[in-house]
1. Count, please, the residues in segment 15-46 that happen to be of a type in the set (Lys, Arg) and touching a residue at least 24 places away in the same chain (Cβ under 8 Å).
2. Anything in segment 19-46 that is of a type in the set (Lys, Arg) and either modelled with pLDDT under 95 or closer than 17 Å to ASN9 by Cβ (or both)? List them, or say none.
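The values are calculated or read from the model by the stated rules, or taken from the named source; none is laboratory data. Only a predicted model underlies this, so the values are computations on that prediction, with no experimental measurement involved. All Cβ positions, glycine included, derive from the backbone under ideal geometry; neighbour counts span all protein chains shown.
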Amino acid sequence: MNLIRNYRNWRRYRDTVSELSRLSNRELSDIGISRSDIAYVARKAA
């Protein structure tokens, strides 16, 4: 079960990073994060 949970968390992290990376700097600014914050935000989401 732990392996499955870790995989799901990793997928959620990867998907979040991917989705946020597609946004422009302007769009990221509109939601209150900078490009350098993407990894941090994705870790919190996972």
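1. 1
2. Hits for segment 19-46 are ARG43, LYS44.
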